[in-house]
Amino acid sequence: MSRVLAAVQIAILAVPIEVSYQTGALFPATDTDSPLKKPDQTTIFELQRRVPELMEEGTVPGLSLALIRDGKTYWLHVFGVRDTKTGQAVTEDTIFEAASLSKPVFAYGVLKLIDAGKLDLDAPLSKYLPRPYIEGDARLDKITARYVLSHRTGFPNWRDDRSPLTIRFTPGERFSYSGEGFVYLAKVVEQITGKALNDYMTETVFGPLGMTSSSYVWREDYEARAATGHDSGGQPVEKRKPKEANAAASLQTTAKDYAAFLDAVINGVGLEKTTLKEMGRPQVPVDPECTNCTEHAPKELSKSVFWGLGVGIQETKEGESLWHWGDNGAFKCFMLAYPKQRSGLVLFTNGENGLSIASEVVQFALGGELPAFQWIKYDAYNSPAMQFAKSVREKGAKAAIAEFRPALMRGDIPERSINSAGYQLLWQKKGPDAIRMFQLNVELYPKSANVYDSLGEAYMYNGDKELAIQNYEKSLDLDPKNSNAVDMLKKLRRP
């Protein structure tokens, strides 16, 4: 990463800051012997020393970090650059994509409507809209705000652009993470309030909490201070500038603003006590094996990771903690809050590898058990998978495969990581190397429909029509529900 990461570390605030609230905390501080760390000057020193090293090792260009202590934003610090081409430093005012950290903030806005008596948490959302959100499925009437916020709608995470939105299992039956559900609920919020989503959130959440840099749509003032996203090799990618609000993914914000939101949650600001308690109550355990689980019921249920209303919940020996991760590709982020200990953390990065270092940053900052990271399954910066990807970038597919052959044969580098490396090569217009990578995945995982689908795509882009057809057909044989393979075969067979 040394060729792309400027040696820039700027302490926005070199000393802790205090943010006061007049209202008392919902969760009183405890004096129990918790293995959690209480952020202090030693914590700050360790983070200032170690975070730049992690960024260098993980190829993460820029990072903004906020720590919460005693229910208040205690420390803000930034590292690295907004853009590796310009070398502009990250500052306190740098705007990051919050990605799925958009969801907890939106959930807070929804719960304010419930407190106001304008929305019933357990009423069918269909009753609030003038026409059905989707046609031909009576199960739509089972979907409530509670089911959306706890990811039990039965919707996929995101639909294919070519396909209509469908309900995949009976709403309320089980957990399956879904951005589509949040988009549906946002339509209801707009209908109830008579306002565009971002206008409602600005008036009801951003304004009262002092989140002056936050918006679900692009603002003109962002042009001069927004971070650029970067791919896994640290190269800038095209900036997205959302014109329409997406409750699940389009929030633009700063670590300072987002910490103000977490401060409010920890201190019980803005919501009724019973409502806030319900937000942080485990509503449903997750499937330990997957986040998007529309196709099958879980074999077992997690005993440590649950979902509340808009937030993930960890149950560990340290007690309950609220958390969420964000992934918009070139932007990765993470938030964590311990309500009873009244501490927390906000982490924003502008690199595809940002979550590869997040677990270690959290350990340095707060300590404690982190089953959430085991569940979301991101490779650590020093894992064989990440080292393999780095070797692919620097040496090419053939040399990397030879170097890591023993690890590949042992299964130390999972199918998804090999697939990701292949697509990186494909996007870089390195067709032969991409094909070589997908062929490797077919060799290692011959019973996976996805590996043939990916190889078919690489052959298609390389102009090898017959080989593309053969691989899409093989993918469809292994998974008859693979709609992408069906669509691609239709396209390839056209005269």
Inside the stretch 409-418, the number of residues satisfying the requirement of being surrounded by fewer than 21 Cβ atoms within 10 Å (Cβ to Cβ) and either assigned to a helix (DSSP H, G or I) or on the phi > 0 side of the Ramachandran plot (or both) is 6
Within the stretch 147-164, the count of residues that are surrounded by fewer than 19 Cβ atoms within 10 Å (Cβ to Cβ) and at pLDDT 95 or above comes to 2
Of the residues in the stretch 306-339, those that are surrounded by fewer than 21 Cβ atoms within 10 Å (Cβ to Cβ) and not in a strand (DSSP E or B) come to K317, E318, N328, G329
Reported set for the stretch 186-202 where residues are over 10 Å from L113 (Cβ atoms) and in a helix (DSSP H, G or I) is A186, K187, E190, Q191, L197, N198, D199, M201, T202
Contact list, first residue from the stretch 160-172 and more than 17 Å from N292 (Cβ to Cβ), second anywhere and loosely packed, with under 15 Cβ neighbours inside 10 Å and modelled with pLDDT under 95, beta-carbon distance below 9 Å, six or more apart or interchain, is R162/S483; R162/D487; P164/E135
Out of (1) at pLDDT 95 or above; (2) surrounded by fewer than 15 Cβ atoms within 10 Å (Cβ to Cβ), the one F404 does not meet is (2)
Selection from the stretch 232-256 of residues touching a Phe, Trp or Tyr at 6+ places or on another chain (Cβ under 8 Å) and more than 21 Å from V148 (Cβ to Cβ) yields K241, K243, Q252, T253, T254, A255
Expected output for the stretch 302-326 (first residue closer than 24 Å to S250 by Cβ, partner modelled with pLDDT of 95 or more and of a type in the set (D, E), Cβ below 7 Å, 6+ apart or cross-chain) is L309/E278
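Just checking, how many residues over the stretch 369-388 are part of a loop (DSSP other than H, G, I, E, B) and either touching a Phe, Trp or Tyr at 6+ places or on another chain (Cβ under 8 Å) or of a type in the set (S, T, Y) (or both)? If you could, list the steps in order and put the result at the bottom.
The first filter runs over the stretch 369-388 and keeps only residues part of a loop (DSSP other than H, G, I, E, B), leaving 369-370, 377-383.
Narrowing further to those that are either touching a Phe, Trp or Tyr at 6+ places or on another chain (Cβ under 8 Å) or of a type in the set (S, T, Y) (or both): 378, 381, 383.
Counting residues in the stretch 369-388 that are part of a loop (DSSP other than H, G, I, E, B) and either touching a Phe, Trp or Tyr at 6+ places or on another chain (Cβ under 8 Å) or of a type in the set (S, T, Y) (or both) gives 3.
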Does A123 qualify as being closer than 25 Å to M279 by Cβ, exposed (fewer than 15 other Cβ atoms within 10 Å of the Cβ), free of Cβ contacts under 8 Å to residues at least 40 places away in the same chain and out of contact with any Cys (no Cβ under 6 Å at 6 or more places or on another chain)?
-> yes
Of the residues in the stretch 51-88, those that are of a type in the set (G, A, S) and either without any contact (Cβ under 8 Å) to a residue 24 or more places away in the chain or under 25 Å from A380 (Cα atoms) (or both) come to G58, G62, S64, A66, G80
Considering the stretch 198-222, residues that are among the small types (G, A, S) and free of Cβ contacts under 8 Å to residues at least 40 places away in the same chain, and then whichever is farthest from L251 (Cα to Cα), we arrive at G207
Heads up, the helices (runs of 4 or more DSSP H) in the stretch 441-495 (entirely inside) with at least 1 residues that are basic (K, R) and farther than 27 Å from I413 by Cβ are 465-478, 483-493
When every residue in the stretch 42-95 that is in a loop (DSSP other than H, G, I, E, B) and of a type in the set (G, A, S) is compared, the one farthest from A389 (Cα to Cα) is G71
If you go through G354, G344, the only one that is assigned by TED's automatic domain parsing to the domain that holds I44, in contact with a helix residue (DSSP H, G or I) (Cβ under 9 Å, 6 or more places away or on another chain), closer than 18 Å to G310 by Cβ and touching a residue at least 12 places away in the same chain (Cβ under 8 Å) is G344
Restricted to the stretch 340-366 and to residues being in a loop (DSSP other than H, G, I, E, B) and closer than 28 Å to E278 by Cβ, the residue nearest to the chain's Cα centre (by Cα) is L366
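Hey, among G368, G344, which residue is surrounded by 24 or more Cβ atoms within 10 Å (Cβ to Cβ) and either in contact with a strand residue (DSSP E or B) (Cβ under 9 Å, 6 or more places away or on another chain) or at pLDDT 95 or above (or both)? Full working, then the answer.
On the way: G368 fails: surrounded by 24 or more Cβ atoms within 10 Å (Cβ to Cβ).
Matching residue, one of G368, G344: G344.
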Reported set for the stretch 424-438 where residues are touching a helix residue (DSSP H, G or I) at 6+ places or on another chain (Cβ under 7 Å) and either of a type in the set (D, E) or surrounded by fewer than 16 Cβ atoms within 10 Å (Cβ to Cβ) (or both) is D433
Of the candidates L444, L467, the one satisfying the condition of being touching a helix residue (DSSP H, G or I) at 6+ places or on another chain (Cβ under 6 Å), surrounded by fewer than 17 Cβ atoms within 10 Å (Cβ to Cβ) and either under 26 Å from A389 (Cα atoms) or not aromatic (F, W, Y) (or both) is L467
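Over 30 Å from E135 (Cβ atoms), assigned by TED's automatic domain parsing to the domain that holds E315 and buried (at least 17 other Cβ atoms within 10 Å of the Cβ): is that true of A249 in this structure?
no
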Hey, any hits in the stretch 144-160 for a residue that's acidic (D, E) and outside any helix (DSSP H, G or I)? yes
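Report whether or not I114 is in a strand (DSSP E or B), in contact (Cβ under 8 Å) with a residue 60 or more places away in the chain and among the β-branched types (V, I, T).
So I114 does not fit the description; no.
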Those residues of the stretch 223-239 which are within 19 Å of E92 (Cβ to Cβ) and not β-branched (V, I, T) amount to E223, A224, R225, A226, A227
Residue set K303, K256; condition touching an Asp or Glu at 6+ places or on another chain (Cβ under 9 Å), in a loop (DSSP other than H, G, I, E, B) and among the charged types (D, E, K, R); output residue K303
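The values are calculated or read from the model by the stated rules, or taken from the named source; none is laboratory data. Owing to the predicted nature of the structure, the values given are computational and were not obtained by experimental measurement. Positions of Cβ are generated from backbone atoms using ideal geometry, with glycine treated the same way; all protein chains shown enter the neighbour counts.
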